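Notes follow once the structure below has been shown.
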Amino acid sequence: LIPLISVLFLTLLLLFSALFPGAFDCCMKISDEISKGILRRVERFEIQKAGGLCHLEAVILHMKGRKFCVNPWNRKVKKMMKKMKHKIHRSKSHVRKQRRSRITKHKEQNQ
């Protein structure tokens, strides 16, 4: 009887994870403190909202295959997020300007 219950539980668990893949990616606990060294190495971040499958508000910091769940109200984290958004915005506008100048140069050469 116990092996049958175990198999049934495992089957339900696998079915749930297939239907709701994000359910196990939620932060279950968050850190209030984060070192500056980790913040400097963050490659990207996600904001986890409380609601749906995830019941905790958090910022998920991604760096080289690792992730950290931190308090979204932490001043250092907010500052890092603002810098990263600014850096992304600047790099996109830089690419757009480069492309525009290449098109202009190309048109001038063809005339």
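General observations
- Pair list, Cβ < 7 Å and 6+ apart or interchain, from segment 37-51 residues that are within 14 Å of Pro72 (Cβ to Cβ) to residues that are of a type in the set (Val, Ile, Thr): Phe45/Val59; Phe45/Ile60; Glu46/Ile60; Ile47/Val59; Gln48/Ile60
- Of the residues making up segment 57-71, those that are within 16 Å of Ile34 (Cβ to Cβ) and free of Cβ contacts under 8 Å to residues at least 40 places away in the same chain are Glu57, Ala58, Val59, Ile60, Leu61, His62, Met63, Lys64, Arg66, Lys67, Phe68.
Every read-out reported here was derived from the displayed coordinates using simple, explicitly stated rules and does not represent laboratory data. Given the structure is predicted, the values throughout are model-derived calculations rather than measurements. Virtual Cβ from ideal backbone geometry, glycine too; neighbours counted across all protein chains shown.
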